[in-house]
1. Just one of (1) assigned to a loop (DSSP other than H, G, I, E, B); (2) of a type outside the set (Lys, Arg); (3) within 23 Å of residue 165 (Cβ to Cβ) trips up residue 364, so point out which.
2. Mind counting the residues in segment 297-321 that are among the hydroxyl-bearing types (Ser, Thr, Tyr) and in contact with a helix residue (DSSP H, G or I) (Cβ under 6 Å, 6 or more places away or on another chain)?
3. Scan (1) in contact (Cβ under 8 Å) with a residue 60 or more places away in the chain; (2) buried (at least 19 other Cβ atoms within 10 Å of the Cβ) for the single condition residue 314 breaks and write down its number.
4. Tally the residues that are touching a residue at least 60 places away in the same chain (Cβ under 8 Å) and closer than 19 Å to residue 306 by Cβ, restricting the search to segment 329-356.
5. So, residue 358, is that one surrounded by 19 or more Cβ atoms within 10 Å (Cβ to Cβ), over 21 Å from residue 48 (Cα atoms) and out of contact with any His (no Cβ under 9 Å at 6 or more places or on another chain) or not?
6. Would you please list the contacts, defined by Cβ atoms under 9 Å and residues six or more apart or on different chains, that run from a residue in segment 209-234 that is closer than 13 Å to residue 184 by Cα to a residue that is part of a helix (DSSP H, G or I) and of a type in the set (Gly, Ala, Ser)?
7. With 123, 141, 156 as the choices, which residue is farther than 29 Å from residue 10 by Cβ and modelled with pLDDT of 95 or more?
8. How many residues does segment 212-234 hold that are farther than 14 Å from residue 253 by Cα and crowded, with 19+ Cβ neighbours inside 10 Å?
Amino acid sequence: MDDRFGRGVNNMKIIDVKTYLLSPKIKRNFLFVKVETDTGISGWGECHTKADSEKVTEMYVLQLKRYVIGRDPLKIKNFTMVAYNDFTIKRGSMHFHSAVSGIEQALWDIAGKYFATPVYNLLGGPCREKIRVYANGWYNLEDTFEEQVQAAKNCLEMGFTALKFDPFPKPYRIDLSKEEERLTLERIEIIRSAVGYDVDLLIEVHRRLAPYYAIRFADKLADLNPFWYEEPVSVQNIDALLEVKNAVGLCVVTGEELYSKADFRVIFERKAAQVINPDIGSCGGILELKEIAAMAEPYCVLVAPHTNSTTVGLAATVQLSAAIPNFLIAEYFVNLTKFGHMISSEPIIVEAGHIKIPDRPGLGLELNEEIFNEFPYEEFPKRNLPVYYDEK
């Protein structure tokens, strides 16, 4: 008997979980998860990956495999609860939550295909017909200023109206010399002058600064009218983040280094940011991010999902972003467009800085497994050379 919409009992079972590590040759490998069922319906998910530790996340997925084989794929919340409570005994990590996220997305993909509807309809229905995205991955700080300006203009030609970049020199340290500060501001000023003030500039800091330096830099940045000031300090010190947020007149963003509702709770209670940017590939998946967004809503906090994907992770982000009322903007890596279009049978298209929500069931795309061997896993060079703390 057909058990859809409450008719009968579902007998669908998970029979396999497969992983695929692919490299588009940009110093990162991407981890895709395929969950297969005994009905022939399968689902795709994508885990957030960090360069040099992708295989750690893959191992988590493979270890979690025995927790899902034989289970009903529609019992998604049950899977995440068991994974957190029983597999890790409530001791999470980036790699664990990323593994759970990939499997969880695949289960939603299966659910949408089973009910023949996009995932956003299973989350309460869409709040919008398209989602705004900002361009990332367009710049290289090793390029000349002229080359960086041209890269920014290329994004405008592609229709983007918002650009994000990290203008700070490496290596990351908590202080910022006067010369580094001058160079960073000059780089932002040049881009702002090139694109004009109608384009939103999102300034990424990657948690590098101590509060004093973050505040001092923000004071000089304010005249350039940034859209936001992302992770000026690490959220691991909530008082430091709050000090910066209360001292600057900029929109402060945090959340990329947080992985669950429990992690975000203190952000809302302390009013430590105006915008959060959890990653659907590392925060626990689609439902966890929806619940985080629901927690943010009564605190008047907006949600701007972080992602490093142009395929499954982005597709999951689009589904989630369509369904939450407090969505602001999402991330899109322009340097991954070619890779995404090659491995996806239904490429995600950006038009005028927006992605239309799909009407296809599940997450709305399938991956071309037959070409995966064109993107083999890449082992990166050893990083055992000393880099001293004061070496800049």
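1. (3)
2. Residues in segment 297-321 being among the hydroxyl-bearing types (Ser, Thr, Tyr) and in contact with a helix residue (DSSP H, G or I) (Cβ under 6 Å, 6 or more places away or on another chain): 4 in total.
3. (1)
4. 13
5. Considered against the rule, which asks whether it is surrounded by 19 or more Cβ atoms within 10 Å (Cβ to Cβ), over 21 Å from residue 48 (Cα atoms) and out of contact with any His (no Cβ under 9 Å at 6 or more places or on another chain), residue 358 comes out as yes.
6. What qualifies is 214/240; 214/247; 218/247.
7. Every option except 156 fails the conditions.
8. 3
The values are calculated or read from the model by the stated rules, or taken from the named source; none is laboratory data. The structure displayed is predicted, hence computed values, not measured ones. In this analysis, Cβ positions are derived from the backbone assuming ideal geometry, glycine residues included, and neighbour counts consider all displayed protein chains.
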